[in-house]
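See structure below.
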Amino acid sequence: MNANASGKQSSKESNRAGALADRIEEGAALLADFAASLTDEEWQTPVSSTDHRSIGIIVHHVASVYPIEVDVAKTIAGGKAITEVTWEAIAQMNAGHAQDNGEVTKEATLQLLRENSRQAAAAVRAFTDDELDQAAPFSLSFGAPVTSQFVIEDHALRHSWHHLARIRKAVGR
């Protein structure tokens, strides 16, 4: 990390931000590679008995929310609270997404996943250490003041890994 005379980080890339971005890209690549290997039948398989969305819809969901997840982290990095994002709102968003994107193709979904994950990683690389350390109340964390790094790790980074594990379980491999 580059530091100026006061010991503060310069405006150059944060090593932590770079590592977070690398892990976002790694998770997205793992998800994309596994999803690309699925048969058409597997692509249509519901993820679980409680989440009836198909694997294809789940992969598209992961791809489509990267911009939202990064925007939330940027808001927290700016010291502003996120108060309107609730688990109920997320459930409604997910249901609407599934309804609106039921016919999306595997090819289009994988392209969106690759594109949006690259853009998310690039945006995360632009965070400074001070921004990563900034905390603000976050409604998905019950109003706890969490850092933007936590939001990045718990959402944009973890999301592909979480759903990949669920997809693997659904198809038994």
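At a Förster radius of 25 Å, what calculated FRET efficiency corresponds to the Cβ-Cβ distance of I68 and D33, to the nearest 0.05? Approximately 0.60, to the nearest 0.05.
Computed with the Debye formula from one identical point scatterer per Cα of the chain, without solvent, the log10 of I(q)/I(0) at q = 0.09, 0.11, 0.12, 0.18 Å⁻¹ comes to -0.34, -0.49, -0.57, -1.12. Sorted ascending by nearby beta carbons within 10 Å, beginning with the fewest, S48, S148 become S48, S148. Toward the positive end of the charge dipole of the chain, about the Cα centre and with charges on Cβ (Lys, Arg +1; Asp, Glu -1), which of A29, T128, V65 goes farthest? My answer, from the dipole projection, is T128.
How much net charge surrounds A73 when only other residues with a Cβ under 11 Å from its Cβ are counted (Lys, Arg +1; Asp, Glu -1)? Numbers along the way, then the final one.
Numbers: positive: K74; negative: E69, D71, E131, E153, D154.
Its environment carries a net charge of -4.
List R53, R173 from most exposed to least, where exposure is judged by having the fewest other Cβ atoms within 10 Å. Walk me through the numbers before you get to the answer.
Values: R53 19, R173 10.
Exposure proxy ranking, most exposed first: R173, R53.
Using only Cα atoms, tell me the angle between helix 87-100 and the longest principal axis of the chain; keep it within 0 to 90° and round to the nearest 10. It works out to around 50 degrees.
Hey, what does the equivalent ellipsoid look like for the range 77-141, semi-axes from the Cα gyration tensor as sqrt of 5 times each eigenvalue, largest first, whole Å?
Numbers: eigenvalues 157, 85, 6 Å².
Here the semi-axes work out to 28, 21, 6 Å.
Using a Förster distance of 25 Å, how high is the FRET efficiency between R158 and K106, based on the Cβ-Cβ distance and rounded to 0.05? It would help to have the intermediate numbers written out before the result.
Details: r = 23 Å, r/R0 = 0.93.
E between R158 and K106, to the nearest 0.05, is 0.60.
To the nearest 20 debye, what is the magnitude of the charge dipole of the chain about its Cα centre, counting +1 on the Cβ of each Lys and Arg and -1 on the Cβ of each Asp and Glu?
On the way: 16 positive and 23 negative charges, 66 e Å.
Here the size comes out at about 320 debye.
For the chain, modelled as a GNM whose springs connect Cα atoms under 10 angstrom apart, the maximal fluctuation among E42, E25, E84 occurs at E84. Note on the chain: with a GNM built from Cα contacts shorter than 10 Å, the maximum mean-square fluctuation among Q134, Q92, Q111 falls on Q92.
What translational D, rounded to a whole number of µm²/s, comes out for the range 133-173 from Stokes-Einstein when the hydrodynamic radius is the Kirkwood one over Cα pairs, at 4 °C and 1.567 mPa s?
Values: Rh = 11.5 Å.
After rounding, the answer is 113 µm²/s.
If you wrap the range 23-110 in the convex hull of its Cα atoms and look at it from every side, the mean projected area works out to 6.6 nm². Taken along the Cα-to-beta-carbon direction at a fixed 7 Å, the label points for D40 and W87 span 3.8 nm. With θ taken as phi - 60° and the Karplus curve 6.51 cos²θ - 1.76 cosθ + 1.60 applied, the whole-hertz 3J(HN,Hα) list for the range 28-35 is 5, 5, 4, 5, 4, 5, 5, 4 Hz, x standing for glycine and proline.
Every read-out reported here was derived from the displayed coordinates using simple, explicitly stated rules and does not represent laboratory data. Treat the numbers as computed from the prediction; the structure is a model and nothing was measured. Positions of Cβ are generated from backbone atoms using ideal geometry, with glycine treated the same way; all protein chains shown enter the neighbour counts.
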